[in-house]
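The values are calculated or read from the model by the stated rules, or taken from the named source; none is laboratory data. Note that the coordinates shown come from a computational prediction; the quantities given were computed from them, not determined experimentally. Please note: Cβ atoms are built from the backbone with ideal geometry, for glycine as well, and neighbour counts cover all protein chains shown. Side chains are part of the model used for accessible areas, which takes the heavy atoms of the whole protein and leaves out ligands, DNA and RNA. Shrake-Rupley method; radii C 1.70, N 1.55, O 1.52, S 1.80 Å.
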Amino acid sequence: MTTTEAKTRQLAWVYDLNKCIGCQTCSVACKVLWTRDEGEKHQWWMSVNTMPGLGTPKGWEDMGGGFDPETGKPRPGHQPTRGEFGGGFDYNYQEVFYGGTAGKAHLEPQGPREGRWAMNWDEDQGAGEWPNSYYFYLPRQCNHCSNPVCMSACATGALSRTNDGLVLRDEEVCMGDRFCMEACPYKKIYFNYDRHVAQQCIGCFPRIEAGVAPACVRQCPGRAVFIGDLEDEESSVHKLVKTWKVAMPLKAEAGTGPNVYYVPPLSPHRLNDDMSIDTETPRIPPEYLESLFGPGVHGALNVLKGEMETVRAGGASEILTTLIAYKWQELLGPFTVDPATLDRSNGGA
Amino acid sequence: MKVARLNGELADPAAPAWGGAEAVSITLGPVPIGAQPTAYIREAWAGRSYGTTGAATLAAASDGERLYLRLEWPDGATPNGEFQDAVAAMFPAGGDAPVATMGDHDRPVELWFWENGRGPLRLTSRGPGVVRKEAADGVAARGDLAGGRWSVVLSGPKPAAGKPVGVAVWDGSNDERAGLAAVSQEWLQLELA
Ligand code: SF4
Ligand code: SF4
């Protein structure tokens, strides 16, 4: 059921990991908008985790899925469990706020402590030894892949691609079989145990149709995320990805053609034992970044460093000007409509 | 097999009325891996055993209006919380539909489907797991787990005379769902009294 023939745009996101401050505004904006109904408590269609880390769901990088780079066949994947996603806790609000236990009881998730996990559980742990410890934040959503293995794995044909290149599920057709969850190499699909359907990022398609940018993009206080049509050569996303090659997809070797891209993080300088500064060795190991963003990551970082040199020397850089996004609306691509101006008299979202 | 004409609480799998119905053992086997509908399922499950329930016991009864099918089979391992045990009765819905693949593209089967904690559902199946939800149309189900055995009664409007029945069982503790089922290897004629 590939609908690529009719596709007219390919929406793409670019996250600048040098600007993401890990504030979770994107994930909360998404949560408030889309996952407040029954069975959605544990769902974070947008999740931001500290890297290196075990992430969401716990250990997702080792759960398989995607396509075998050698044979092109789909690779078996692990079915992420409710426990591996974690979260969706119930809290002892009653006891703390109304139980007359002031000073004694404190808010805490109910249920067993052991094995507890949630989105962003390993925040700011990162890796490396002091004073050369390092970490960065990685916002993750469904990649709205061009070759979506979730869609081809599904037995019922519940998933399809829209003319905007978004991968959407028909929840009436979904039987909750979860082959999509096994097959997705990014493990960005959640299961709704109450409604018995799988769910994932919908690219805020009702907003897109109204000319409004997705919530993750519009709400980001770091001005860290761009959206646009990857096929429009004038778009920021096209320039960052295709022209300047400073943004690359996550784990592209899984072969699904992801449409979410990342400007890789530059490293702080390393400190030597005598606390002198080592400007030659990046603190984040380049091979680690390569494991996430592929071999193109080194060239991308060199371009960024070169542009920064140019600007320091008094020159101009279109790349840095774009990434800085002096004008906030530049992040929104063609989706600049202010949602507050929409007519909601029919009760629409 | 004979469909007994009985009165009583036939929707309840523990009802004494079921003592009056003939019970037959139905041999089940896994839906062939080659018939699974997507490359992902074929790759991921080629090396895993599924459709592990070897047999189920079927009894059939009618109160004149509705057909009641009582299925009983041994429960698998402790559920993992992700997938649930399930059962379905199958009827050909067009031509000589194959039972062992749960129908195919041109020859669908109708499923009366029950899953622990969910259902019942009436489904049209055009191959293993290739299903569409249909209006319930009076299909009902009730399941009991006792002594390590599931007993489930599936019921619906009495089908036309001469309709055969098939059975599918899913062991949730083995991640079985969709076409990863144990199914009857041949249709069983129902003799409606
Ligand atoms: S809202 Fe922006 S800065 Fe904050 S976590 Fe999300 S992407 Fe990063
Ligand atoms: S990220 Fe996963 S769920 Fe999203 S389109 Fe790609 S394969 Fe499908």
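Exactly one residue out of A:LEU168, A:LEU138 is part of a strand (DSSP E or B), away from ligand 1 (no atom under 16 Å from the Cβ) and away from chain B (no Cβ under 14 Å): that is A:LEU168.
Taking B:ALA17, is it part of a strand (DSSP E or B) and in contact (Cβ under 8 Å) with a residue 40 or more places away in the chain? Lay out the reasoning, then the answer.
On the way: part of a strand (DSSP E or B): no; in contact (Cβ under 8 Å) with a residue 40 or more places away in the chain: yes.
Against the criterion (part of a strand (DSSP E or B) and in contact (Cβ under 8 Å) with a residue 40 or more places away in the chain), B:ALA17 does not qualify.
Given the condition of a type in the set (Lys, Arg) and more than 16 Å from ligand 1 (Cβ to nearest atom), answer yes or no: does some residue in segment A:220-230 qualify? Give the steps one after another, and end with the answer.
Quick first cut of segment A:220-230, residues of a type in the set (Lys, Arg) only: A:223.
Okay, now just the ones that are also more than 16 Å from ligand 1 (Cβ to nearest atom), so none.
Looking through segment A:220-230, none of the residues is of a type in the set (Lys, Arg) and more than 16 Å from ligand 1 (Cβ to nearest atom).
Among the residues of segment A:171-186, those identified as within 7 Å of another protein chain (Cβ to nearest Cβ) and either open to solvent by less than 10 Å² (accessible area, probe 1.4 Å) or among the small types (Gly, Ala, Ser) (or both) are A:PHE179, A:GLU182, A:ALA183. The residue that is nearest to ligand 1 (Cβ to nearest atom), among those in segment A:1-32 that are among the aliphatic types (A, V, I, L, M), surrounded by fewer than 19 Cβ atoms within 10 Å (Cβ to Cβ) and at pLDDT 95 or above, is A:ILE21.
Of all residues in segment A:21-40, those that are in contact (Cβ under 8 Å) with a residue 24 or more places away in the chain have Cβ atoms under 8 Å from Cβ atoms of residues that are of a type in the set (S, T, N, Q) and in a helix (DSSP H, G or I), 6 or more apart or on another chain, in A:THR25/A:GLN219; A:CYS26/A:GLN219; A:ALA29/A:GLN219. Candidates are the residues of segment B:160-176 that are outside any strand (DSSP E or B) and in contact with a strand residue (DSSP E or B) (Cβ under 6 Å, 6 or more places away or on another chain); the one that is farthest from the other protein chains (Cβ to nearest Cβ) is B:ALA161. Selection of first residues in segment A:68-86 that are closer than 9 Å to B:GLU43 by Cβ and more than 9 Å from chain B (Cβ to nearest Cβ) and of second residues that are open to solvent by 20 Å² or more (accessible area, probe 1.4 Å) and of a type outside the set (D, E, K, R), restricted to Cβ pairs under 9 Å at least 6 apart or on distinct chains, gives an empty result.
Within segment A:219-231, the set of residues being more than 16 Å from ligand 2 (Cβ to nearest atom), open to solvent by 10 Å² or more (accessible area, probe 1.4 Å) and closer than 18 Å to A:LEU323 by Cβ comprises A:CYS220, A:PRO221, A:GLY222, A:ARG223.
Looking across segment B:120-145, the residues that are outside any strand (DSSP E or B) and crowded, with 20+ Cβ neighbours inside 10 Å come down to B:ARG126, B:GLY127, B:PRO128, B:GLY129, B:VAL130, B:VAL139. Evaluated against (1) surrounded by fewer than 24 Cβ atoms within 10 Å (Cβ to Cβ); (2) within 26 Å of B:SER62 (Cα to Cα), B:GLY148 falls short on exactly one condition, (2).
How many residues does segment A:239-258 hold that are more than 16 Å from ligand 2 (Cβ to nearest atom) and in contact (Cβ under 8 Å) with a residue 12 or more places away in the chain?
Here is the first cut: in segment A:239-258, the ones more than 16 Å from ligand 2 (Cβ to nearest atom) are A:239-247.
Cutting the leftovers down to in contact (Cβ under 8 Å) with a residue 12 or more places away in the chain gives us A:239-242, A:244-247.
Count: 8.
Is it the case that B:ALA60 is without any contact (Cβ under 8 Å) to a residue 60 or more places away in the chain and either farther than 21 Å from B:SER125 by Cα or in contact with a Lys or Arg (Cβ under 6 Å, 6 or more places away or on another chain) (or both)? Answer is no for this residue.
For every residue, the table says whether it meets (1) open to solvent by 70 Å² or more (accessible area, probe 1.4 Å); (2) assigned to a helix (DSSP H, G or I); (3) in contact with a strand residue (DSSP E or B) (Cβ under 7 Å, 6 or more places away or on another chain).
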site: A:TYR288; (1), (2), (3): no, yes, no
site: A:GLY299; (1), (2), (3): no, yes, no
site: A:ASN302; (1), (2), (3): yes, yes, no
site: A:MET308; (1), (2), (3): no, yes, no
site: A:LEU320; (1), (2), (3): no, yes, no
site: A:SER345; (1), (2), (3): yes, no, no
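The number of residues in segment B:39-74 that are open to solvent by 40 Å² or more (accessible area, probe 1.4 Å) and of a type in the set (Ser, Thr, Tyr) comes to 3.
Just one of the numbered conditions (1) away from chain B (no Cβ under 14 Å); (2) without any contact (Cβ under 8 Å) to a residue 40 or more places away in the chain is not true of A:THR156: (1). In this structure, is A:TRP45 at negative phi, touching a strand residue (DSSP E or B) at 6+ places or on another chain (Cβ under 9 Å), within 16 Å of ligand 2 (Cβ to nearest atom) and open to solvent by less than 40 Å² (accessible area, probe 1.4 Å)? Answer is yes for this residue. Looking only at segment A:314-334, decide whether some residue is in contact (Cβ under 8 Å) with a residue 60 or more places away in the chain and among the small types (Gly, Ala, Ser). Yes; the residues of segment A:314-334 include at least one that is in contact (Cβ under 8 Å) with a residue 60 or more places away in the chain and among the small types (Gly, Ala, Ser). Filtered by the rule that a residue be open to solvent by less than 30 Å² (accessible area, probe 1.4 Å), in contact with a strand residue (DSSP E or B) (Cβ under 8 Å, 6 or more places away or on another chain), farther than 28 Å from B:LEU111 by Cα and within 15 Å of ligand 2 (Cβ to nearest atom), segment A:188-212 gives A:LYS188, A:GLN200, A:GLY203, A:CYS204.
Mind checking which residues of segment A:41-67 are within 14 Å of chain B (Cβ to nearest Cβ) and in contact with a helix residue (DSSP H, G or I) (Cβ under 7 Å, 6 or more places away or on another chain)?
Looking only at segment A:41-67, we keep the residues that are within 14 Å of chain B (Cβ to nearest Cβ), and these are A:42, A:57, A:63-67.
Matches in segment A:41-67: A:HIS42, A:PRO57, A:GLY65, A:GLY66, A:PHE67.
Residue count for segment A:141-165 satisfying the condition of being over 24 Å from A:CYS26 (Cβ atoms), part of a loop (DSSP other than H, G, I, E, B) and touching a Pro at 6+ places or on another chain (Cβ under 7 Å): 1.
Would it be correct to say that B:ALA11 is within 14 Å of chain A (Cβ to nearest Cβ) and open to solvent by 40 Å² or more (accessible area, probe 1.4 Å)? First the steps, then the outcome.
Details: within 14 Å of chain A (Cβ to nearest Cβ): no; open to solvent by 40 Å² or more (accessible area, probe 1.4 Å): yes.
When the stated conditions are applied, B:ALA11 does not pass them.
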